[in-house]
Amino acid sequence: MEFSHTPVLLQEVMDLLGCSPGNVVVDCTVGGGGHAYEILKRILPGGYLIGIDRDPNALNAAEKRLEEFANHFTLVHSNYINMERILEDLGIKEVDGILMDLGVSSHQLDEKERGFSYMQDASLDMRMDPTQAFSAYNVVNEYSQNELRRIIRNYGEERWADRIAGFIVDNRPVETTGQLVDIIKRAIPAGARRSGPHPAKRTFQAIRIEVNQELSQLGESIEKAVKMLRPGGRLCIITFHSLEDRIVKRAFRDLSNPCICPTGAPICTCGRKPEVKIITGRPVTPSAAELSINPRSRSAKARACERI
């Protein structure tokens, strides 16, 4: 399938990043190159973009999308947790902007064989980087019932996590997404399935997060990203569910107000200084016009901060 991905909050993200000619910008999840294309238009002449992605298909698509900007960008197959090393290898010490567009892409959802979607029957996979060995099959078939319960409850915020974990263990081996969806439907009482999202949505989200270690690396990556910004540089992060947004909000808050002195202390004695100022009091969300064109953007939220 040809890689296609509609960049969400495109104009809003460009405004938040505030790119200008000569800037060096990192797109940590370059995807099909939609955001990167608009960034390059704004940072040339003199600018440079580094695009990172775990998905080789995304990098191939981005290479084609950005071909008119040849020699002004580098694409790297890696995880954004490795950003510091990637920039060091490129001889770059500081950058003017960093974008993180988190979550699974539309292409990954629509490409049946990737196993991300609960709407299509495929092998259990869900790897953002198809070169890694560990997949959804390992989680579903090898995790203990307690481990399954934990990730489904914590990463999926699923009230029926205990029953779903038990049903999965009792019906192993599970080979396909279709089998998993059927197990989840049987685990959730009929009355609870009549309203709300698809019954498998939360469990699939939880397994995908576990397979790709999406949350465990996010807080650390934000701290590293801020340290790579030059003063005045901006970090913009797009999230797609409450767990991600909570981590981003907390990290920005801690970086903007790191003081650990007791509440009510007359003066600060801990010596910790703010590293950023938050430039989005509330998260930026899609407009009605964008929602009408791209319904998948409905859960997107963008937050941004600026290095002091």
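Quick notes on this one:
- Across the range 251-308, the number of residues qualifying as in contact with an Asp or Glu (Cβ under 9 Å, 6 or more places away or on another chain) and among the β-branched types (Val, Ile, Thr) comes to 6.
- Residue within the range 1-20 that is among the aromatic types (Phe, Trp, Tyr) and over 19 Å from the mean Cα position of the chain (by Cα) present: no
- Elements of type helices (runs of 4 or more DSSP H) in the range 60-147, at least 3 residues being within 21 Å of Ile184 (Cα to Cα): 136-142
- Considering (1) under 27 Å from Thr29 (Cβ atoms); (2) in the same structural domain as Asp125 (by TED's automatic domain parsing), the lone condition that Pro231 does not fulfil carries the number (2).
- Among the residues here, Ile207 does not qualify as in contact with a helix residue (DSSP H, G or I) (Cβ under 9 Å, 6 or more places away or on another chain) and not assigned by TED's automatic domain parsing to the domain that holds Ala187.
- The residue that is modelled with the lowest pLDDT, counting only those in the range 25-58 that are more than 14 Å from the chain's Cα centre (by Cα) and assigned to a loop (DSSP other than H, G, I, E, B), is Gly32.
- Residue within the range 225-246 that is crowded, with 16+ Cβ neighbours inside 10 Å, under 30 Å from Arg127 (Cβ atoms) and basic (Lys, Arg) present: no
The values are calculated or read from the model by the stated rules, or taken from the named source; none is laboratory data. In this text the structure is predicted, and so the values were computed from the model without any measurement. Cβ sites come from the backbone with ideal geometry, for glycine too, and all protein chains shown count toward neighbours.
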